[in-house]
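Asks: Just passing along the structure, written as structure tokens.
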Amino acid sequence: MPTIVVCGAGPGLGRSVARRYGREGYEVVLVARHAEPLESFAAELAEAGITAHPLPSDLSDPDDMGDLAVRIRQLAGDPDVLYYAPVAAGMTFVPAAKLTAEAVAANTRLLLESLVVLVGEFLPHLLEQRSGAILTAQGSTALTGRPGMSGPGPAMAAQRNYLQALEKEVAGSGVFVGRLYISALIKNSAIDQAMQQARAAGGKALPAAALIDPDGLADKLWRMHHSRRPHETVAPAWGRIVFPLMSSGPVRRLMARRDS
């Protein structure tokens, strides 16, 4: 049975990816910060006939990734697919002029350094078997900077640069490196839920945001992987989305509360 490790198995896209691959016969390892929601989701997948292993881990610490790789192998062996798309606890966008070095370092540890360690752990197996995939999904600020929406973008851009180089280095090896960049809010994601709660609490000034279905995104990743093209895509297409100001106070406070 092939295996996928879902790093970032939160309430939005990560869960849809786990379901999509699980329906195709993959064993699923679920990685996120908090044990209780992972265990609940693993039980839900088991009811659907999908073998799933909850594995709580803090992906923001690259020094722990070697141990995480050992625990993944103990549960399910070396994975055939590594999906990496965690969201920082309390993540918000900020103006570039207010971005701090500490925030850049924290985002870089989560979005680049930990990924590099995990790829280093699992890529040799993929190359040896001449198949498999490394998949990521990030916001489209990885592709271009936008006023008021800095924060994770610089680290995501660095991640993209790394994966573009990796894609070219493994070309012809049978290993696929796929990247999805999302230019809307993902329905039922932690950020979407926080905005809904903020509006319910009287945050009328919060702007409406275009939503995109995580199941559709998971299907897009699956089709990218198995058609092996394209290696990089944006969803939805450029020019159709108006971005909300995600650094608004109510959303920031609610996101911090959700992750505490």
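Asks: Determine which aspartates and glutamates satisfy two conditions relative to Lys220: a Cα distance under 17 Å, and not lying fewer than 8 residues away in the same chain.
Replies: Glu24, Glu232
Asks: Across the Cα atoms of region 88-155, what radius of gyration and what greatest pairwise Cα-Cα distance (Dmax) are found, in Å?
Replies: Just the Cα atoms of region 88-155 yield Rg and Dmax of 14.9, 47 Å.
Asks: Something else: Tally Lys/Arg at +1 and Asp/Glu at -1 over every other residue whose Cβ is under 9 Å from the Cβ of Arg160; what's the total?
Replies: So the environment of Arg160 carries a net charge of 0.
Asks: Sorting Arg73, Arg23 by accessible area (1.4 Å probe), largest first, what list results?
Replies: Largest to smallest exposure gives the sequence Arg23, Arg73.
Asks: Ok, one more. Given 5 Å bins starting at zero, what is the percent of C-alpha pairs of region 49-183 in each, up to the one with the largest pair distance?
Replies: 2, 10, 19, 21, 19, 14, 9, 4, 2, 0
Asks: I've got another one for you. Pro56: net charge of surrounding residues, Cβ under 12 Å, Lys/Arg +1, Asp/Glu -1, itself excluded?
Replies: Spelling it out: positives minus negatives among the neighbours equals -2.
Asks: Given region 11-158, what percent of its DSSP beta bridges are antiparallel, to the nearest 5?
Replies: On the way: 1 of 10 bridges.
Of the beta bridges lying entirely in region 11-158, close to 10 percent run antiparallel.
The values are calculated or read from the model by the stated rules, or taken from the named source; none is laboratory data. Computed from a predicted structure; not experimentally measured. Quick reminder, even Gly has a Cβ in these numbers, built from the backbone with ideal geometry, and neighbours come from all protein chains shown. In case anyone asks, the SASA skips ligands and DNA or RNA and just uses the protein heavy atoms, side chains included. Shrake-Rupley method; radii C 1.70, N 1.55, O 1.52, S 1.80 Å.
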